Amino acid sequence: MTDPHAKIVILTGAGISAESGIETFRAEDGLWAQHRVEDVATPEGFMRDPELVVNFYNARRAQLPEVAPNAAHRALAHLETHHRGEVIVITQNVDDLHERGGSQSVYHMHGELNSALCAACENRWPAPMVMAPGDPCPRCAAPAARPDIVWFGEMPYEMDTLFAHLGQADVFAAIGTSGNVYPAAGFVAEARRAGAHTIEFNLEPSAVGNQFQEHRTGPASRTVSDWVLSIIGRQ
Ligand code: OAD
């Protein structure tokens, strides 16, 4: 039974967008089976072959207009609107499906496809559909535009704020994430230290699945919608 004023902190991963048609990373035929992480998702890979990296994210960005939020994204937006306590979504996803599903409080800890970043002055601006290596920064004019994506070896965004939210969580839910990538994989431990009730939503137990007190197994479109109904239905 969830307290009507509970603070709910939700971590999402690629699995919540899978039913919208976006590939996950670690499935047998997922993105990391088709591309080498060190080529397309590291600063070193970008230095070696910026065109390959920019084109990889151009292809991901081009998918966005062709996909739509699914019932799980919409259910989280519904939760945020109707739950009396605070609801925070922390996503590792770089798509925009939470926002298009209606969520307002969304932290993109691994960056966003729709954002460009200047490697020289850290300015951010809306990414054009097709970025090219050496695109100039609209603020400082340096030819240093890059996708605003957190690569392996870089620090995820807003960690202080995220840990502050985790430290206040009454409920922590992880949805569709394999628990392989830190610091996100360590959030469950942090939330438990804060006394939160922890729930994992996945098709199978994740790499940190044994740290959760409750498991809801199945496709997120169903399990997350059921969970939200069970909370909102009583309020
Ligand atoms: P993964 O591809 O590692 O894991 C996706 C998880 O979603 C798996 O545990 C699946 O079992 C689960 N899943 C798949 N379909 C699902 C469904 N319909 N309902 C519920 N669960 C489902 O993706 P992430 O954990 O998000 O980082 O990966 C974390 C980070 O690793 C990504 O943000 C990315 C990647 O490398 C960077 O690029 C920096």
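The values are calculated or read from the model by the stated rules, or taken from the named source; none is laboratory data. Since the structure is predicted, the reported quantities are computational estimates derived from the model, not experimental observations. Positions of Cβ are backbone-derived with ideal geometry, glycine not excepted, and every protein chain shown enters the neighbour counts.
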Output the residue which, of all residues in segment 62-96 that are more than 18 Å from Phe201 (Cα to Cα) and within 14 Å of the ligand (Cβ to nearest atom), is surrounded by the fewest Cβ atoms within 10 Å (Cβ to Cβ).
-> Val67
Somewhere in segment 193-216, is a residue free of Cβ contacts under 8 Å to residues at least 24 places away in the same chain, surrounded by 13 or more Cβ atoms within 10 Å (Cβ to Cβ) and within 19 Å of His5 (Cα to Cα)?
-> no
Within segment 129-162, track down each residue that is more than 16 Å from the ligand (Cβ to nearest atom) and part of a strand (DSSP E or B).
-> Ala145
Here are some residues: Asp49, Asp39, Asp3. Which one is within 16 Å of the ligand (Cβ to nearest atom) and either in contact with an Asp or Glu (Cβ under 8 Å, 6 or more places away or on another chain) or outside the structural domain of Gln213 (by TED's automatic domain parsing) (or both)?
-> Asp39
Looking only at residues in segment 163-183 that are out of contact with any helix residue (DSSP H, G or I) (no Cβ under 8 Å at 6 or more places or on another chain) and part of a helix (DSSP H, G or I), which one is surrounded by the fewest Cβ atoms within 10 Å (Cβ to Cβ)?
-> Ala164
Qualifying residue in segment 192-201 (condition: away from the ligand (no atom under 16 Å from the Cβ), in a helix (DSSP H, G or I) and under 17 Å from the mean Cα position of the chain (by Cα)) = no
